[in-house]
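No value in this document is a laboratory result; all are computed from the given coordinates. This structure is a prediction, so every number in the text was calculated from the model and none was measured. Quick reminder, even Gly has a Cβ in these numbers, built from the backbone with ideal geometry, and neighbours come from all protein chains shown.
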Amino acid sequence: MNKNQKTRKQKIDMCIRFVLFTVVVTCLCVRGVAQVDRAGLAGTVKDSANRNIPAATVMATQLATGQRFNTVTSASGIYDLPELPIGAYRVTYSAQGFQEKIVDAVEQTVGHTRTLDVVLSVAGAVAYVEVSDVGDQFDAIAARESTICNNFGDVSMKKVDVHSHFLPDIYQAALEKLGKTRPDGIASLPKWSPKEALATMDRLGIETALLSISSPGVHFGDDAAARTLARQVNEEGARLVREYPGRFGFFASTPLPDVQGAIVEVRYAIEQLGADGVVFETNFHGVYLGDERLAPLYAELESLAAVVFIHPTSPYCLCCSVDKQDDAAATAALGYPRPMLEFAFETTRTVTEHGCIRNAGPASQYQCDRASCWGHASGSCWSRRTPPSDAECSWQRRKFAGCPTKVAF
């Protein structure tokens, strides 16, 4: 390589280095300007009990341009929007099961990260309630300052939850011993403790919860065993009422379809244990609530002026053997857990065929004369957030006209 070629190569190398240097400096300057022209927003999203809300959506909308910036909270309820253009924002916080919260005019200044912690309230729930000529039929519940409301997010309003299930250890052990760990097709037996129940009640502003044993109840083919288990769960309910005065009440379980055992247990539970009423399933191994065999029990309930809480269970197949009942119920529910689909229709079934609207016999007469609370929205007709119109379900309305008190939860 001669001298001229060497000189030319050195000049080219210097030009390349200068260009690269210029590019790097320019990038750094642009980045610095961008950072100077930005601001940050960070904070936490919690519920009213000061617990973190993960996966909450945080959306910051710049008021001047309408530009939106989104993020979600971490498992610790923390969010961070690190590079927001300066200006004023409307910040929206939302999470499933909670009311949306909007914070307006959040001013973002250059180079500053603003901290904004928010608390979300539990979303409202609507309950359709129809009551006429109540009289003294809800004295047992009214004594606990029962308030039926349509906004469970308002923790300042005292409420009574009449549909609250409990699974005491003795009951859970009985189900596990019988191999009934997936009753009604649910995935597993839920865990329950008074501590967790009270924490949930406090979070939702519930003053008192009326406890009851849910489906599948306490009778699994043996009358004597059912009487024992009913007594055990009822005494446990009474113990919880004594231990947490004012926070719990309970509906007594019965060993139905053992009618004589049920009569004994109902009187003991109400007179000796102070039960607020009785919980019935929509059928007891095929014995639906309008069956004339239940007439002596209804007479006993009438003499005690007892409230009856009616809760759905799996439907009964009249043409199936005992060992095929669960398979038949699963087929009727299209393979879904029965509470998802079949419970609403089972409630409708017992109301339509054997309840108040049939209006025949002493069993139906009791349901018209006394207060009955129907679980799971009172069946398929009312399983929605808004009441039916006058034109809808009109035949149910006409038939129910004979009942002095109707409550749908």
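What FRET efficiency comes out for the pair residue 72/residue 268, r = Cβ-Cβ distance, R0 = 51 Å, nearest 0.05? Each step should come with its number before you reach the end.
Values: r = 54 Å, r/R0 = 1.05.
Efficiency at R0 = 51 Å is approximately 0.45.
Testing the spin-label approximation: label points 7 Å from Cα along Cα→Cβ at residue 48 and residue 341. State their distance in nm.
3.6
Would you please give the residues with an amide H less than 5 Å from that of residue 40, counting only those at least 5 places away or on a separate chain, with H modeled from the backbone geometry?
HN-HN under 5 Å from residue 40: 84, 112, 113, 114.
Quick check: from the Cα gyration tensor, does segment 271-315 come out rounded (a/c under 1.5), prolate or oblate? Walk me through the numbers on the way to the answer.
Numbers: a/c = 2.80, a/b = 1.46, b/c = 1.92.
Oblate.
Run the quick spin-label model on residue 80 and residue 220: label points 7 Å from Cα toward the beta carbon, then report their separation in nm to one decimal.
Reported label-point gap for residue 80 and residue 220 is 5.2 nm.
Mind checking the full-extension length gain between residue 37 and residue 88? Use 0.36 nm per residue of separation minus the Cα-Cα distance, one decimal, nm.
Working: separation 51, 0.36 × 51 = 18.36 nm, distance 1.37 nm.
17.0 nm is the gain from fully extending residue 37 to residue 88.
May I ask you to compute the full-extension gain from residue 117 to residue 228, defined as 0.36 nm times their residue separation minus their alpha-carbon distance, rounded to one decimal in nm?
Details: separation 111, 0.36 × 111 = 39.96 nm, distance 5.27 nm.
Residue separation times 0.36 nm, minus the Cα-Cα distance, leaves 34.7 nm.
Quick one: which residues, 5 or more positions from residue 283 or on another chain, have an amide H under 5 Å from its amide H? H modelled 1.01 Å from N in the peptide plane, none for Pro or chain starts.
Amide H to amide H, under 5 Å and 5 or more residues apart or across chains, residue 283 pairs with 313.
If each residue's Cβ is checked for other Cβ atoms within 10 Å, how do 188, 164, 121 rank with the fewest at the top?
Numbers: 188 8, 164 21, 121 17.
Listed from fewest to most nearby Cβ atoms, that is 188, 121, 164.
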